[in-house]
1. Those residues that are in contact with a strand residue (DSSP E or B) (Cβ under 7 Å, 6 or more places away or on another chain) and either more than 18 Å from ASP110 (Cβ to Cβ) or touching a residue at least 40 places away in the same chain (Cβ under 8 Å) (or both), I need them from the range 14-33; list them, please.
2. Listed residues ASP110, ASP106, ASP129; which is at pLDDT 90 or above and not assigned by TED's automatic domain parsing to the domain that holds LEU22?
3. Being within 18 Å of the chain's Cα centre (by Cα) and in a loop (DSSP other than H, G, I, E, B) is the filter here, so list the residues in the range 105-137 that pass it.
Amino acid sequence: MGPLKCKVCEDANSKYKCPTCLLPYCSLPCYKKHKETPCIKSEVAAESNECLGSTNSQKQPLRPFEVTEEETWRLERKQFEALAASEELRHMLKNPELQQLIKKIDSSDDVEKDLNAAMEDQLFRDFRDKVLGIVNPVKN
């Protein structure tokens, strides 16, 4: 089974699903557009993958996936706040080369391949190390 199409723009392949109604979408702008109409979590929506508040009522099967250890790891609020507060991280993110690397990974059809390729770049490795140091600081 191939990738599902975004049910908001009907153009791009979906990478995400609405956490409430499981509607497939491709990007933040599509998610925001989808959320303009409130959706409702229900057994029917979860089973049929449709949003009850949406005008789009086509049924889509759920995408199969395997849960890996990495997919179950989530940042805590204080970790996100620490990332947002980091001036050094903000400065790094102003670099156009780093922005391009991140965009390439984010829009990749083969994320693992592109992430591994980005790891060859010292700029990206410095960024990774800074992020990891913020979210998981070494305690003395």
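1. LYS17, CYS18, LEU23, PRO24, TYR25, TYR31
2. Result: ASP129 is the single residue among ASP110, ASP106, ASP129 that is at pLDDT 90 or above and not assigned by TED's automatic domain parsing to the domain that holds LEU22.
3. Of everything in the range 105-137, those that are within 18 Å of the chain's Cα centre (by Cα) and in a loop (DSSP other than H, G, I, E, B) turn out to be SER107, SER108, ASP109, ASP110.
The values are calculated or read from the model by the stated rules, or taken from the named source; none is laboratory data. Just so we're clear, the structure is a prediction, and the values are computed from it rather than from any experiment. Every residue, glycine as well, gets a Cβ built from its backbone with ideal geometry; the counts of neighbours run over all protein chains shown.
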